[in-house]
Amino acid sequence: MDRVQLIESLAKIKNELIKVEKTTDSRLYLVCESLNAYKVSNFIFKTLGCRFVTATAIDSFHYYEVLYHFSHDQTGTVLTVKALIRDRGNPSIESIAQFIPGAQWIEREMHDLMGIEFRNHPDMRRLILADDWPQGVYPLRKKTKDEKVS
Amino acid sequence: MEFFQLTIDGEIVTDIDVRLSYNHRGMEKIAESLQFDQIPFLVSRICGICSASHPLAYVQAVEELAGITPPDRALYVRTIINELERIHSHILWVGLAGHFIGYDTVFMWAWKYREPVLDLLEEITGNRNNYGNVKVGGCREDVPDEIKPKVIAELDKIATKMEMLTKAVLDDPVLHARLKGVGVLKKQDAINYCVTGPTARASGIGIDVRKDDPYAAYGLLDWKVITQTEGDVFAKAVVRLLEIFESIKMVKQAFAKLPKGPVAIEVKEIPAGEGCGHAEAPRGETFHYVRSDGGNRPVRHKMRAPSYVNVPSFKASCLGGNIADVTITLAAVDPCYSCTERLAVVNDRSGKILHDYESLLKLSREKTEKIKKEML
Amino acid sequence: MSLSAKAVKKSPWVFHVNTGACNNCDIEIVDLLTPRFDVERFGIKLVGSPRHADALLVTGVVTAQAAPRLKEVYNQTAKPCVVFVIGACACGTGIFHTGYHVVGPVDKIIKEVDPNAIIAYVPGCPPKPEAIISGVVKALSIL
């Protein structure tokens, strides 16, 4: 599949997307509500055969974002699913590790560092913070000043 | 550095888990307090031996965000430094793999032959590792044209030695018996675990960022992606050995085609936006995502090292295997050296700790000895 | 000088500890064993357990997870022992000093269990193998 066909195939999930942003010829951002991210990611991984690269959690003040980055290696295109989590009090999203084993670690990490719940994650445990790191302290959330472990 | 825990039943591995966190320095948060031009020095130290690939992926993300195109000469210089790093990193791996299975002469030879590459990098960039050679907009330093004959001469010497070593590995029946069929990562598992680099290419997945989404000067050079299909430790060794020759070829071509001109453009400010940069490190794809709000520092900087996706594939490659093969199977994805030091093996039924790194290493080397004796 | 102190001076057996490093220092330490530097000719040996060691080669910033382990290793090491702190991270946490998961540097953590610990510093990022050898030899000649 070439890049033109790749972009055309996104029409199949257009109902799940808010918009598609194209920053360069090879970088696409598929913005969606967090509720639809599972279906969109499933389409990109299973139907389009893209490789899951990693995920980025962002504290954007009005909402949390979870960016799932995928690579379409045949065309060198990076497609990023930008899921918006509007419930800041209780941020949660359906885990894509259910169908991508390679996403297990990064979802555990985003849970550790940003405090986002990944519903139905096959193995949700602490990954990256120390055993004695206090519960409920999420270092990547935006604060007025940095906190250090004393 | 990680802490691996394996559960065994008799001699067969039934479960494997890892405790990370020992190496977690909180770099993504630190990056939010640094300025864009300070970050290459930070990310160079994510992993000491991918220290050219991480800053390159990062500056590419920022250059994409800001719509900056570095000058042509910079693209070639970046390629030269990155390929020299790949050469010494792969040679390091060959040495370590030899050590794990009891071929200590290979370890000593390999690490001796990587020294001249480190000397060259020190002469060009000022350091054996952590080169600090890239910045947003180009390179911080130029490669002097006068060094070209020295680099070519050294690489020719290394090529001769590596040909000898490669032939020794490919022809050795003991190595075939020891490493073939060991630690197999099947193609579908490789896809599900989203592995990259030689780990993927040894399982028949021909992905390589340098070909798939060319950056620096890779799209302008003549070279090939090396793949194997068996997915075992032997296949991974073959991929890395053959890649050394491709890298040597690329460095020579890059020097031959090196255009005149500046090695950087001046960058005044980074506008608001987001960018993704990736580079093919010796271990696989390094991926950086940067978001800016137009200020001096990133709002968010995501860094992903290749080992983050390659190491978890041990679930697929170690389970059902023999404990004598654990050290070499873990080492085959080429994690950071210190990672494989922390190992504990626990009995399935009693929960008692049976082995540590020292005794697992001993088991691995004893297995090689046994194979040698059987072949005599 | 006691017999054990003499042994430390003549040919120290060293145990390597990584408390959260990028591995550059660790690779340069392993490099010491390879033909160009070959520290084994000086009797310096890398051992697999702190109980057999006269000296510790410590790299890394000391992360929150690694700190208890570092203290445990120090306590297990036979005394007298020298702690060689290798690299900018270990000497003073380097560029990671604002990290939320960084509790080091190494001397701060070691002194929590032994305020009189003997500590020698070899800075660099990473220090070249020659620098590590020079630092170790210099420290041993003073002791």
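The values are calculated or read from the model by the stated rules, or taken from the named source; none is laboratory data. In this text the structure is predicted, and so the values were computed from the model without any measurement. As a convention, Cβ positions derive from the backbone with ideal geometry for all residues, glycine included, and neighbour counts pool all protein chains shown.
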Next item on the list: With respect to B:Val233, determine if the residue is in contact with a Leu (Cβ under 6 Å, 6 or more places away or on another chain) and surrounded by 24 or more Cβ atoms within 10 Å (Cβ to Cβ).
Entry: yes
Item checked: Among residues of segment B:302-316, those that are assigned to a helix (DSSP H, G or I) and aliphatic (A, V, I, L, M), counted -> 3
Checklist line | Residue within segment B:28-36 that is under 26 Å from A:His69 (Cβ atoms) and touching a Cys at 6+ places or on another chain (Cβ under 9 Å) present | finding: no
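Let's see how each residue does on (1) crowded, with 19+ Cβ neighbours inside 10 Å; (2) within 13 Å of chain A (Cβ to nearest Cβ); (3) under 21 Å from B:Ser51 (Cα atoms); (4) free of Cβ contacts under 8 Å to residues at least 40 places away in the same chain:
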site	(1), (2), (3), (4)
B:Leu241	yes, no, yes, no
B:Lys257	no, no, no, no
B:Gly261	no, no, no, no
B:Gly273	no, yes, no, no
B:Ala281	yes, no, yes, no
B:Gly295	no, no, no, yes
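Is it true that some residue in segment C:14-21 is of a type in the set (Gly, Ala, Ser), free of Cβ contacts under 8 Å to residues at least 60 places away in the same chain and surrounded by 15 or more Cβ atoms within 10 Å (Cβ to Cβ)?
Within segment C:14-21 (the criterion being of a type in the set (Gly, Ala, Ser), free of Cβ contacts under 8 Å to residues at least 60 places away in the same chain and surrounded by 15 or more Cβ atoms within 10 Å (Cβ to Cβ)), the answer is no, since none of the residues qualifies.
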Note to self: Can you find a residue that is closer than 30 Å to A:Ser9 by Cα, more than 12 Å from the chain's Cα centre (by Cα) and exposed (fewer than 14 other Cβ atoms within 10 Å of the Cβ) anywhere in segment A:86-94?
What the structure shows: yes
Item checked: Counted residues, segment A:121-146 - those being without any contact (Cβ under 8 Å) to a residue 40 or more places away in the chain and facing chain C (nearest Cβ under 10 Å) -> 9
Notebook entry, point to check: Taking segment B:268-301, which residues are within 30 Å of A:Val66 (Cβ to Cβ) and assigned to a loop (DSSP other than H, G, I, E, B)?
Noted result: B:Glu269, B:Ile270, B:Pro271, B:Pro282, B:Arg283, B:Gly294, B:Gly295, B:Asn296, B:Arg297, B:Pro298, B:Val299
Notebook entry, point to check: Does segment B:172-184 contain at least one residue that is closer than 30 Å to B:Val43 by Cβ, assigned by TED's automatic domain parsing to the domain that holds B:Gly261 and surrounded by fewer than 22 Cβ atoms within 10 Å (Cβ to Cβ)?
Noted result: no
Next item on the list: Scan (1) surrounded by 23 or more Cβ atoms within 10 Å (Cβ to Cβ); (2) away from chain B (no Cβ under 13 Å) for the single condition A:Ser41 breaks and write down its number.
Entry: (2)
Next item on the list: Taking C:Val137 as the residue in question, decide whether it is surrounded by 15 or more Cβ atoms within 10 Å (Cβ to Cβ), closer than 30 Å to B:His99 by Cβ and of a type in the set (A, V, I, L, M).
Entry: no
Notebook entry, point to check: Do you know which residues across segment A:84-113 are of a type in the set (A, V, I, L, M) and either part of a loop (DSSP other than H, G, I, E, B) or closer than 26 Å to B:Thr196 by Cα (or both)?
Noted result: A:Ile96, A:Ala97, A:Ile100, A:Ala103, A:Ile106, A:Met110, A:Leu113
Notebook entry, point to check: So how many residues does segment A:13-38 have that are among the aromatic types (Phe, Trp, Tyr) and either surrounded by 21 or more Cβ atoms within 10 Å (Cβ to Cβ) or not in a strand (DSSP E or B) (or both)?
Noted result: 1
Notebook entry, point to check: Does A:Gly49 meet the test of being facing chain B (nearest Cβ under 9 Å) and either out of contact with any Ser or Thr (no Cβ under 8 Å at 6 or more places or on another chain) or closer than 28 Å to A:Leu127 by Cα (or both)?
Noted result: yes
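Matching residues to (1) farther than 22 Å from B:Asp104 by Cβ; (2) within 14 Å of chain B (Cβ to nearest Cβ); (3) at pLDDT 90 or above:
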{"residue": "C:Met1", "(1), (2), (3)": "yes, no, no"}
{"residue": "C:Cys25", "(1), (2), (3)": "yes, yes, yes"}
{"residue": "C:Glu28", "(1), (2), (3)": "no, yes, yes"}
{"residue": "C:Arg41", "(1), (2), (3)": "no, yes, no"}
{"residue": "C:Val47", "(1), (2), (3)": "no, yes, no"}
{"residue": "C:Ala53", "(1), (2), (3)": "no, yes, yes"}
{"residue": "C:Gly60", "(1), (2), (3)": "yes, yes, yes"}
Checklist line | Scan of segment B:24-64 for residues that are within 11 Å of another protein chain (Cβ to nearest Cβ), within 17 Å of C:Cys125 (Cα to Cα) and part of a loop (DSSP other than H, G, I, E, B), ordered by number | finding: B:Arg25, B:Gln38, B:Ser44, B:Arg45, B:Ile46, B:Cys47, B:Ser51
Notebook entry, point to check: Given the structure, is B:Gly206 closer than 19 Å to B:His278 by Cα, in the same structural domain as B:Pro282 (by TED's automatic domain parsing) and without any contact (Cβ under 8 Å) to a residue 24 or more places away in the chain?
Noted result: yes
Check: Conditions: (1) touching a Ser or Thr at 6+ places or on another chain (Cβ under 9 Å); (2) at the interface with chain C (Cβ under 10 Å from one of its Cβ atoms); (3) part of a helix (DSSP H, G or I). B:Ser21 meets all but one. Number of the miss?
Finding: (3)
Margin query: From the list A:Phe61, A:Phe70, A:Phe99, A:Phe118, exactly one residue is more than 8 Å from chain B (Cβ to nearest Cβ), farther than 25 Å from B:Pro298 by Cβ, of a type in the set (A, V, I, L, M, F, W, C) and touching a residue at least 12 places away in the same chain (Cβ under 8 Å). Which is it?
Written below: A:Phe99
Margin query: Just the residues that are free of Cβ contacts under 8 Å to residues at least 40 places away in the same chain and within 13 Å of the chain's Cα centre (by Cα), please, taken from segment C:94-133.
Written below: C:Asp107, C:Ile118, C:Ile119, C:Ala120, C:Tyr121, C:Val122, C:Pro123
Check: Taking into account only those residues within segment B:1-26 that are of a type in the set (Asp, Glu) and out of contact with any helix residue (DSSP H, G or I) (no Cβ under 8 Å at 6 or more places or on another chain), which is nearest to B:Pro335 (Cα to Cα)?
Finding: B:Asp17
Margin query: Looking only at segment B:101-158, count every residue that is surrounded by 15 or more Cβ atoms within 10 Å (Cβ to Cβ) and either touching a Cys at 6+ places or on another chain (Cβ under 9 Å) or small (Gly, Ala, Ser) (or both) and tell me the total.
Written below: 9
